[in-house]
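What follows is a set of notes on a single structure, which appears directly below.
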There are 2 protein chains.
Amino acid sequence: MTRSTGSRDAYHHGDLRRAVLTAALDVIRTDGPAALSLRGLARRAGVSHAAPAHHFKDRAGLLTAIATEGFDLLASTLADAAGLRDAGVRYVRFATDHPAHFQVMFQPDLHHPTDPALAEAKSRAGDRLREAVAEAVDTDDARLAGIAAWSLAHGFATLFLTHNLTDPVGDRAPEDVFSSLTGLLFRT
Amino acid sequence: MTRSTGSRDAYHHGDLRRAVLTAALDVIRTDGPAALSLRGLARRAGVSHAAPAHHFKDRAGLLTAIATEGFDLLASTLADAAGLRDAGVRYVRFATDHPAHFQVMFQPDLHHPTDPALAEAKSRAGDRLREAVAEAVDTDDARLAGIAAWSLAHGFATLFLTHNLTDPVGDRAPEDVFSSLTGLLFRT
DNA sequence: TGCCCCATCTAGGCATTGACAAGTTGGGGT
DNA sequence: ACCCCAACTTGTCAATGCCTAGATGGGGCA
């Protein structure tokens, strides 16, 4: 797997796995996960209709891989957070920067339910979230506070991505709106 | 359309529309919207494979009808709310009581994007939400406070339905957890 | 009471898709 | 130089969405 140029050597695409993932993310971003078809992705990549399945087993396998990648991206995004509010802002920015990942991550009915790689990535991201909460809250109600913080950021991101916040947000960057929103709640 | 008994008169099912909706909600609750098939619903109802399409036009039409019904249910649930916190609790309870509706309501890629009935139901529910916020917050930051409240309740409900709060919540009713969560945030 | 209209449902067909099985290719390791 | 095996192709089948044309019978109207 050295040849990564755009060559179409018939066989050995170069990095078909990445190509399919990228195409899938593009489709999901614009038309949602329901519009995704393995055969369509194969056509985009210029390969035979069964080629994608070789890398992802089946449709659910592809979506599981996307969710896993998403949780890992989220984990590394949260790792650099400076404080709980920044973690929230980063959470929202992650959702707007990677809307396809985000959508798939939180639709478990699209995944292979027992995939170990997904479970690990998920728990890695959860750890980063709990770290951010722990360093900002006294340990007594840390668990409840964590749920509250996660709910707030997740709800905001979800509502924004589902076009339920378009007019209230207007032209402002959603992360900024979220930031001032936390300011209102915690009067920091 | 008087005959609503369980008669299977070959023709004139009685209330096929309701039967299909109910079956669809059942499928969505257990296996998610992706598992929904018009032909499967037709089999459940004991009618021909094209019968459901007559009532809903197509698959997206069925899901649009479910979303519309969901927003109307939500609107009437919020109408009776006593205060903002109660509205939040009711929002969460709605999500857990009607998980299939809730899922479909917030996946716009499954809907007919311009359906007027859906848009109206959506705005009715939005009105109830804004009412609940307006009577609890001074008008200055009502808009932002509304987004905050909605985000909190919506995020909590979404995370719970996607099985991301199972261990933190444990056996407690999710609405109770949400209630104590708002207590922690607003130290009421 | 009788008749006709049309909403409701059936029947058939076509293109697309996911999934599976079996064969082909050719690059890298020994 | 050879062979193994991952990567890809080709072919096929059942299931689905959606379209068109036709059958049925209940309710409204004369």
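The values are calculated or read from the model by the stated rules, or taken from the named source; none is laboratory data. Everything quoted here is computed from the prediction, not taken from an experiment. For neighbour counting, all protein chains shown are included, and Cβ atoms are generated from backbone atoms with ideal geometry for every residue, glycine included. Keep in mind that these areas ignore ligands, DNA and RNA; they rest on the heavy atoms of the full protein, side chains included. Shrake-Rupley method; radii C 1.70, N 1.55, O 1.52, S 1.80 Å.
The number of residues in the range A:26-44 being without any contact (Cβ under 8 Å) to a residue 40 or more places away in the chain and part of a loop (DSSP other than H, G, I, E, B) comes to 2.
Scanning the range A:143-175 for residues that are over 18 Å from the mean Cα position of the chain (by Cα) and on the phi > 0 side of the Ramachandran plot yields one hit, A:Gly170.
Would it be correct to say that A:Leu184 is at the interface with another protein chain (Cβ under 10 Å from one of its Cβ atoms) and more than 26 Å from B:Lys122 (Cβ to Cβ)? For A:Leu184, the condition - at the interface with another protein chain (Cβ under 10 Å from one of its Cβ atoms) and more than 26 Å from B:Lys122 (Cβ to Cβ) - is not met. Filtered by the rule that a residue be open to solvent by 70 Å² or more (accessible area, probe 1.4 Å), away from chain A (no Cβ under 14 Å) and more than 8 Å from DNA strand D (Cβ to nearest atom), the range B:18-45 gives B:Arg18, B:Thr22, B:Arg44. Residue check: A:Ala121 meets all listed conditions (1) modelled with pLDDT under 95; (2) in contact with a Phe, Trp or Tyr (Cβ under 9 Å, 6 or more places away or on another chain) but one, namely (1). Of A:Gly155, A:Gly126, all but one fail to be open to solvent by less than 20 Å² (accessible area, probe 1.4 Å), more than 8 Å from chain B (Cβ to nearest Cβ) and closer than 25 Å to A:Ile28 by Cα; the exception is A:Gly126.
Of all the residues in the range A:71-130, those that are over 15 Å from the mean Cα position of the chain (by Cα) and of a type in the set (Phe, Trp, Tyr) number 0. Any chance the range B:89-99 includes a residue that's modelled with pLDDT under 95 and open to solvent by 10 Å² or more (accessible area, probe 1.4 Å)? The answer is no, given that none of the residues of the range B:89-99 is modelled with pLDDT under 95 and open to solvent by 10 Å² or more (accessible area, probe 1.4 Å).
Within 13 Å of DNA strand C (Cβ to nearest atom) and either of a type outside the set (D, E, K, R) or under 15 Å from the mean Cα position of the chain (by Cα) (or both): is that true of B:Val27 in this structure? Spelling it out, it is not the case that B:Val27 is within 13 Å of DNA strand C (Cβ to nearest atom) and either of a type outside the set (D, E, K, R) or under 15 Å from the mean Cα position of the chain (by Cα) (or both). Each residue in the range A:175-188 was checked for being open to solvent by less than 20 Å² (accessible area, probe 1.4 Å) and at pLDDT 95 or above, and 2 of them qualify. Of all residues in the range A:46-62, those that are within 14 Å of chain B (Cβ to nearest Cβ) have Cβ atoms under 6 Å from Cβ atoms of residues that are more than 8 Å from DNA strand C (Cβ to nearest atom) and part of a loop (DSSP other than H, G, I, E, B), 6 or more apart or on another chain, in A:Ala60/A:His112.
The set of residues in the range B:104-153 that are in contact (Cβ under 8 Å) with a residue 60 or more places away in the chain and either touching a strand residue (DSSP E or B) at 6+ places or on another chain (Cβ under 7 Å) or more than 24 Å from B:Leu62 (Cβ to Cβ) (or both) comprises B:Ala149, B:Leu152, B:Ala153.
Tell me, yes or no, whether the range A:65-86 has at least one residue that is within 15 Å of DNA strand C (Cβ to nearest atom) and open to solvent by less than 40 Å² (accessible area, probe 1.4 Å). Let's see the steps before the verdict.
Start the filter on the range A:65-86 by keeping residues that are within 15 Å of DNA strand C (Cβ to nearest atom), which leaves A:65-66.
Right, trim to open to solvent by less than 40 Å² (accessible area, probe 1.4 Å) and you get A:65-66.
Scanning the range A:65-86, I find at least one residue that is within 15 Å of DNA strand C (Cβ to nearest atom) and open to solvent by less than 40 Å² (accessible area, probe 1.4 Å), so the answer is yes.
When A:Pro116 is tested against (1) away from chain B (no Cβ under 14 Å); (2) of a type outside the set (Phe, Trp, Tyr); (3) surrounded by 18 or more Cβ atoms within 10 Å (Cβ to Cβ), only condition (3) is not met. The listed residues are B:Asp141, B:Asp167, and the only one of them that is over 23 Å from A:Arg29 (Cβ atoms), open to solvent by 50 Å² or more (accessible area, probe 1.4 Å), facing chain A (nearest Cβ under 7 Å) and not aliphatic (A, V, I, L, M) turns out to be B:Asp141. Condition check for B:Asp171 on (1) part of a helix (DSSP H, G or I); (2) modelled with pLDDT under 95; (3) not β-branched (Val, Ile, Thr): one failure, at (1).
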